[in-house]
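The values are calculated or read from the model by the stated rules, or taken from the named source; none is laboratory data. For clarity, every value in this text was computed on a predicted model and none was experimentally measured. Cβ sites come from the backbone with ideal geometry, for glycine too, and all protein chains shown count toward neighbours.
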């Protein structure tokens, strides 16, 4: 995990550098700007890696992060928050939200939340996407992408 994070840190500035686009005058460019506060709803089965995989690039891009971890992993969630604090991040830049799943809807609807990421089941993803997109009707559209990795005999992995 440490090597992956180091690689991400080295590559981040290249990946997110402003890009000039060839076009007729006026000149145009693509610029990456922070979104604001991002809510991450994370599962129990990868309590550390899945969070760092989200949080590292989100924080490097200038966003603040709120973690709603699985209720099974409160110790892991608080330990991750402490890692960021010990690394020198400002105290409230990465925070853990110690609430049950029933509080996710109201958290998604909070106007300070600018984006939501979820790793979990299809029904959980649909529920959060429905809540997030419905609440942000008058703001920019929330883009929802489904990514999954099947587990079991249908998995695209070969075990040795």
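Table for the structure above
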{"read-out": "Test: residue in the range 105-115 that is touching a strand residue (DSSP E or B) at 6+ places or on another chain (Cβ under 9 Å), assigned to a loop (DSSP other than H, G, I, E, B), on the phi < 0 side of the Ramachandran plot and buried (at least 16 other Cβ atoms within 10 Å of the Cβ)", "value": "no"}
{"read-out": "Complete set of residues in the range 60-82 that are modelled with pLDDT under 90 and either more than 29 Å from residue 130 (Cβ to Cβ) or touching a strand residue (DSSP E or B) at 6+ places or on another chain (Cβ under 6 Å) (or both)", "value": "60"}
{"read-out": "Failed item, numbered, when residue 100 is tested on (1) more than 29 Å from residue 17 (Cβ to Cβ); (2) at pLDDT below 90; (3) in contact with a helix residue (DSSP H, G or I) (Cβ under 9 Å, 6 or more places away or on another chain)", "value": "(3)"}
{"read-out": "Matching entry among 50, 11 (being surrounded by 10 or more Cβ atoms within 10 Å (Cβ to Cβ), free of Cβ contacts under 8 Å to residues at least 24 places away in the same chain and not in a strand (DSSP E or B))", "value": "11"}
